[in-house]
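Visitor: Structure incoming, see below.
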Amino acid sequence: MDKVEIIAWGGNGGDGVVSFRREKFVPFGGPDGGDGGAGGNIYIAADRSVTTLRQFRRKKHFKAVSGRSGSKQKRHGAKGDDLLIVVPLGTMIFLKEEEQEVLLADLSQQGQKVLVAKGGTGGLGNVHFATARNQAPRVATKGEPGEELCLILDLKLIADVGIIGYPNVGKSTLLAAVSKAKPKIADYPFTTREPALGVVETGMKTFVVAEIPGLIDDAHLGRGLGHDFLRHAERTKVLLHLLDGSSPTLIDDMNNLNRELTLFKPSLAQKPQLVAVNKIDLPQVQSRLPDVKQLFSSLGVAVFFVSAVTKRGVPELLSAIVEVVDRASREQAELEMPVVVFRPKPRIKRR
């Protein structure tokens, strides 16, 4: 549930009314029909307390409240209440028109809100149609219908660290070991069908970790969970390559991960990366650890050796992640910092 299609209706405008003053001692009261109220708008807002789009599994139609009709004595109808739809951070909103998708907004900041469907304007009462020749108009207008739009909500997780790796390397186990997240854990491939988030607290630092669904070769072409994996990796600051210590092709596994990243989007391969070898608690992995360390050392690759089950080596890995995340955050802030240009006003000479 990281991509859903919904229908959004703005509220209809209330109708204007035909009414005339009928008061004692007012023989020529004239028209006094009020205007209808405007329909409610539909807004979509980002909130970090929401992490998935599961709420849209069953409910896909949303309609704001319509405006009320006007009444006599020039009373306006009440405006319809607005409708606020809350989505996770990182949700992209697309307008679907004739099989094309047009980006409306990218909600990447807490509290960011966008108007997606406007309510209809209220109709005019007959008081607006009075003229010198027609002093008793029996005409009023209907309220306009609200906008009806087909929207696509596409969630791309925003996390500090993305755990990537082949199926069954222990990504879910590691996420559960470092956070309070409870991803599905089993001994068969593709246990994780959608990304899972967890908040890690180490010392005075906290950061968000996303377990990205496993990939296979040619994931950039859409094989396996292909694009579902890669699209979520775009929003992370740091990538953690998790390798299976029992794999006979550790280096090939690492290289293939980077190749898939590059083929999908070259900028992904440029992200800061950490490499960790998991399952060092297994006897067969323990016996080959010296050879594995020497292999990575000869390639000049810094690697961490951990056991997600026993948490051995995990504290050292978390400390390294904190340093890399802090550095990446500073670099990102510098890139996003606006350039301030001071333009002093010319002095005005007094006469």
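Visitor: When you go through L53, L103 one by one, which is the residue that is in contact (Cβ under 8 Å) with a residue 24 or more places away in the chain and over 30 Å from A130 (Cα atoms)?
Guide: Of the residues listed, the single one that is in contact (Cβ under 8 Å) with a residue 24 or more places away in the chain and over 30 Å from A130 (Cα atoms) is L53.
Visitor: Is segment 5-26 home to any residue that is in contact (Cβ under 8 Å) with a residue 40 or more places away in the chain, assigned to a loop (DSSP other than H, G, I, E, B), within 30 Å of Q109 (Cα to Cα) and in the same structural domain as V116 (by TED's automatic domain parsing)?
Guide: Within segment 5-26, one or more residues are in contact (Cβ under 8 Å) with a residue 40 or more places away in the chain, assigned to a loop (DSSP other than H, G, I, E, B), within 30 Å of Q109 (Cα to Cα) and in the same structural domain as V116 (by TED's automatic domain parsing).
Visitor: Please verify whether segment 33-41 includes one or more residues that are touching a strand residue (DSSP E or B) at 6+ places or on another chain (Cβ under 8 Å), within 25 Å of G146 (Cβ to Cβ), part of a strand (DSSP E or B) and modelled with pLDDT of 95 or more.
Guide: no
Visitor: Exactly one condition in (1) modelled with pLDDT of 90 or more; (2) part of a loop (DSSP other than H, G, I, E, B); (3) among the aliphatic types (A, V, I, L, M) is false for V116; which is it?
Guide: Failed condition: (2).
Visitor: Please enumerate the residues belonging to segment 143-158 that are of a type in the set (G, A, S) and either in contact with a strand residue (DSSP E or B) (Cβ under 9 Å, 6 or more places away or on another chain) or in a strand (DSSP E or B) (or both).
Guide: Start the filter on segment 143-158 by keeping residues that are of a type in the set (G, A, S), which leaves 143, 146.
G146 - this is the single residue of segment 143-158 that is of a type in the set (G, A, S) and either in contact with a strand residue (DSSP E or B) (Cβ under 9 Å, 6 or more places away or on another chain) or in a strand (DSSP E or B) (or both).
Visitor: Tell me, yes or no, whether segment 190-199 has at least one residue that is modelled with pLDDT under 75, more than 22 Å from L89 (Cα to Cα) and either surrounded by fewer than 24 Cβ atoms within 10 Å (Cβ to Cβ) or not assigned by TED's automatic domain parsing to the domain that holds A105 (or both).
Guide: For segment 190-199, residues modelled with pLDDT under 75, more than 22 Å from L89 (Cα to Cα) and either surrounded by fewer than 24 Cβ atoms within 10 Å (Cβ to Cβ) or not assigned by TED's automatic domain parsing to the domain that holds A105 (or both): present.
Visitor: Within segment 44-60, is even one residue of a type in the set (G, A, S), in a strand (DSSP E or B) and touching a Leu at 6+ places or on another chain (Cβ under 8 Å)?
Guide: yes
Visitor: Just to verify a result, which residue in segment 136-154, among those that are more than 26 Å from the chain's Cα centre (by Cα) and surrounded by fewer than 18 Cβ atoms within 10 Å (Cβ to Cβ), is nearest to K60 (Cα to Cα)? Show your work before the answer.
Guide: Step one: of segment 136-154, the residues more than 26 Å from the chain's Cα centre (by Cα) are 136-145.
When the remaining residues are screened for being surrounded by fewer than 18 Cβ atoms within 10 Å (Cβ to Cβ), the result is 136, 138-139, 142, 145.
Working: A136: 46, R138: 41, V139: 38, K142: 28, P145: 20 Å.
In this case the residue turns out to be P145.
Visitor: Report those helices (runs of 4 or more DSSP H) wholly inside segment 234-327 carrying at least 3 residues which are surrounded by 14 or more Cβ atoms within 10 Å (Cβ to Cβ).
Guide: Helices (runs of 4 or more DSSP H) meeting the threshold: 250-264, 283-298.
Visitor: Inspect segment 91-99 for any residue being part of a loop (DSSP other than H, G, I, E, B), free of Cβ contacts under 8 Å to residues at least 12 places away in the same chain and either in the same structural domain as G36 (by TED's automatic domain parsing) or closer than 14 Å to G10 by Cα (or both) and give the result as yes or no.
Guide: Scanning segment 91-99 turns up at least one residue that is part of a loop (DSSP other than H, G, I, E, B), free of Cβ contacts under 8 Å to residues at least 12 places away in the same chain and either in the same structural domain as G36 (by TED's automatic domain parsing) or closer than 14 Å to G10 by Cα (or both).
Visitor: Look at segment 162-189 and say how many of its residues are modelled with pLDDT of 60 or more, charged (D, E, K, R) and assigned to a loop (DSSP other than H, G, I, E, B).
Guide: Count: 2.
Visitor: State which residue pairs qualify: first residue closer than 17 Å to S297 by Cα and inside segment 248-272, second residue part of a helix (DSSP H, G or I) in any location, beta carbons under 7 Å apart, and separation of 6 or more residues or different chains.
Guide: Close Cβ pairs (under 7 Å, with a partner that is part of a helix (DSSP H, G or I)) amount to L250/V292; I251/L295.
Visitor: Condition first: in contact (Cβ under 8 Å) with a residue 24 or more places away in the chain, out of contact with any Leu (no Cβ under 6 Å at 6 or more places or on another chain), farther than 26 Å from A136 by Cβ and of a type in the set (K, R). Can you find one or more residues in segment 74-89 that meet it?
Guide: Yes, segment 74-89 has at least one match.
Visitor: Quick one: in segment 219-233, which of the residues that are small (G, A, S) and surrounded by 22 or more Cβ atoms within 10 Å (Cβ to Cβ) is modelled with the highest pLDDT? Steps first, please.
Guide: Our first condition is that a residue be small (G, A, S); within segment 219-233, this holds for 219, 222, 224, 226, 233.
Filter once more, keeping what is surrounded by 22 or more Cβ atoms within 10 Å (Cβ to Cβ): 219, 233.
Details: A219: 42, A233: 72.
Result: A233.
Visitor: Go through G33, G29 for me and flag whichever is without any contact (Cβ under 8 Å) to a residue 12 or more places away in the chain and touching a Phe, Trp or Tyr at 6+ places or on another chain (Cβ under 9 Å).
Guide: G29
Visitor: Condition (residue is in contact with a helix residue (DSSP H, G or I) (Cβ under 8 Å, 6 or more places away or on another chain) and not aromatic (F, W, Y)) applied to segment 67-74: is it met by at least one residue?
Guide: yes
The values are calculated or read from the model by the stated rules, or taken from the named source; none is laboratory data. Remember, it's a predicted structure, so these values are computed and weren't measured experimentally. Note that each Cβ is placed from the backbone with ideal geometry, even for glycine, and that neighbours are counted across all protein chains shown.
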